[in-house]
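What follows is one structure encoded as structure tokens, with my remarks underneath.
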């Protein structure tokens, strides 16, 4: 029997994960009018055979204008729900890996081109563009058109759209919801003083800047089954002077926990082009460690986690309870298999692949 903490189960609310490896949400920019396509069937299907404990669907817009690009997945209509349902039902014929979904609104970072075509802002009068909205009329980049500052009706519409998307996710039997409050998107824009200069009760001090993200959390939590987890992805810091930082993140995490948050996923950055990120292996783990010390809920670490021993050290030392993989999983969709072999642990594999088990790892696969 392996002693690796990475392959021990963990309970999150009423939901038990088979191990400590989760697949992070990864935008594919391959939807059609918000509807998933066969690309998502291929992409998510291969990851659902990986042996990880949970597969998170990419940032999924709760409104059309909340998409990062015109090619983002959405969950705002019967048509987008049906398209996602077709993909999930096909995958579930061959995999019982549970799905989570990241619900998102891009705010001022909306209306952009897909990354392989440059990723720049598309003008509101462009064929595939629209005018973004945000807490304040501050553009992400100096050469971009400023977004429209949200009024109360606009905020209520977005809050209610998050709740409706959560209800749709529940109908699709998705196991957990992650609310995207990181990477410079709308809820992070409300949190950071660099993007939120409002003079009402949703701007100014920390309590006011947290108000709308917490209202969105409450709406989602009330709309999703009580026995399924609702978590939040946060940026632990803006990596910029005068911006959102780890001390504010810890206060936000404590407020989320008090309102019933099940898990927090700690990333960083994305809010300003002036960020100075000290990129390196495990560079975001200290942020996860700080949030874990401030709360009792499970914490997910993410960011340049690629090596097996590195991942094991993060959970074994208690820096975080789970590790999330994104690009490492794209590069090696069987990362959990190889990690299990490295540690002498067991991992689930589809019966069609059982004969691939190397002779030197005779007890690797659970059917």
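Residue-by-condition table, conditions (1) closer than 25 Å to residue 225 by Cβ; (2) touching a residue at least 12 places away in the same chain (Cβ under 8 Å):
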| residue | (1), (2) |
| --- | --- |
| 113 | no, yes |
| 118 | no, no |
| 122 | no, yes |
| 130 | no, yes |
| 137 | no, yes |
| 144 | no, yes |
| 147 | no, yes |
| 151 | no, no |
| 163 | yes, yes |
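Taking the stretch 282-317, which residues are farther than 17 Å from residue 21 by Cβ and part of a loop (DSSP other than H, G, I, E, B)? Show your work before the answer.
First pass over the stretch 282-317, keeping only residues farther than 17 Å from residue 21 by Cβ: 283, 286-287, 289-297.
Residues satisfying the conditions are 283, 295, 296, 297.
Could you list, in sequence order, the residues of the stretch 253-270 that are part of a helix (DSSP H, G or I) and either modelled with pLDDT under 95 or surrounded by fewer than 23 Cβ atoms within 10 Å (Cβ to Cβ) (or both)? Lay out the reasoning, then the answer.
From the stretch 253-270, those part of a helix (DSSP H, G or I) are 253-258; that's our starting set.
Of everything in the stretch 253-270, those that are part of a helix (DSSP H, G or I) and either modelled with pLDDT under 95 or surrounded by fewer than 23 Cβ atoms within 10 Å (Cβ to Cβ) (or both) turn out to be 254, 255, 257, 258.
Quickly run through the stretch 195-249 and pick out the residues that are in a loop (DSSP other than H, G, I, E, B), in contact (Cβ under 8 Å) with a residue 60 or more places away in the chain and either buried (at least 20 other Cβ atoms within 10 Å of the Cβ) or in contact with a helix residue (DSSP H, G or I) (Cβ under 9 Å, 6 or more places away or on another chain) (or both). Please lay out each step first, then the result.
First, pick out the residues of the stretch 195-249 that are in a loop (DSSP other than H, G, I, E, B): 195-205, 224-229, 236-245.
Keeping just the survivors that are in contact (Cβ under 8 Å) with a residue 60 or more places away in the chain gives 195-198, 202-203, 227-229.
The answer is 195, 196, 198, 202, 203, 228, 229.
Which is in a loop (DSSP other than H, G, I, E, B), within 30 Å of residue 239 (Cα to Cα) and more than 19 Å from the chain's Cα centre (by Cα), of 278, 362?
Working: 362 fails: within 30 Å of residue 239 (Cα to Cα).
Result: 278 is the single residue among 278, 362 that is in a loop (DSSP other than H, G, I, E, B), within 30 Å of residue 239 (Cα to Cα) and more than 19 Å from the chain's Cα centre (by Cα).
What number of residues in the stretch 131-144 are within 16 Å of residue 185 (Cα to Cα) and more than 22 Å from the chain's Cα centre (by Cα)?
Adding up the residues that qualify gives 7.
Can you name every residue in the stretch 266-296 that is touching a residue at least 60 places away in the same chain (Cβ under 8 Å) and farther than 19 Å from residue 325 by Cα? First the steps, then the outcome.
Quick first cut of the stretch 266-296, residues touching a residue at least 60 places away in the same chain (Cβ under 8 Å) only: 267-273.
Within the stretch 266-296, 271, 272, 273 meet the criteria.
Filter the stretch 341-359 down to residues that are surrounded by 15 or more Cβ atoms within 10 Å (Cβ to Cβ) and farther than 24 Å from residue 57 by Cα and give me whichever is farthest from the chain's Cα centre (by Cα).
Taking the candidates together, the pick is 357.
What about residue 67, is it touching a residue at least 40 places away in the same chain (Cβ under 8 Å), crowded, with 19+ Cβ neighbours inside 10 Å, over 17 Å from the mean Cα position of the chain (by Cα) and over 29 Å from residue 5 (Cβ atoms)? Show your work before the answer.
Values: touching a residue at least 40 places away in the same chain (Cβ under 8 Å): yes; crowded, with 19+ Cβ neighbours inside 10 Å: yes; over 17 Å from the mean Cα position of the chain (by Cα): no; over 29 Å from residue 5 (Cβ atoms): yes.
Against the criterion (touching a residue at least 40 places away in the same chain (Cβ under 8 Å), crowded, with 19+ Cβ neighbours inside 10 Å, over 17 Å from the mean Cα position of the chain (by Cα) and over 29 Å from residue 5 (Cβ atoms)), residue 67 does not qualify.
For residue 328, are the conditions met, namely being free of Cβ contacts under 8 Å to residues at least 24 places away in the same chain, touching a helix residue (DSSP H, G or I) at 6+ places or on another chain (Cβ under 7 Å), surrounded by fewer than 22 Cβ atoms within 10 Å (Cβ to Cβ) and closer than 24 Å to residue 10 by Cβ?
Working: free of Cβ contacts under 8 Å to residues at least 24 places away in the same chain: yes; touching a helix residue (DSSP H, G or I) at 6+ places or on another chain (Cβ under 7 Å): yes; surrounded by fewer than 22 Cβ atoms within 10 Å (Cβ to Cβ): yes; closer than 24 Å to residue 10 by Cβ: yes.
Yes; evaluated as a whole, the condition is true for this residue.
Sort out for me the strands (runs of 3 or more DSSP E) sitting completely within the stretch 1-70 that have 2 or more residues that are more than 20 Å from residue 334 (Cα to Cα).
Details: elements: 10-12, 15-17, 21-23, 54-61.
In the stretch 1-70, 10-12, 15-17, 54-61 are the strands (runs of 3 or more DSSP E) which contain 2 or more residues that are more than 20 Å from residue 334 (Cα to Cα).
The values are calculated or read from the model by the stated rules, or taken from the named source; none is laboratory data. These figures come from a predicted structure and were not determined experimentally. Because the Cβ atoms are built from the backbone with ideal geometry, glycine has one as well, and the counts that use them run over all protein chains shown.
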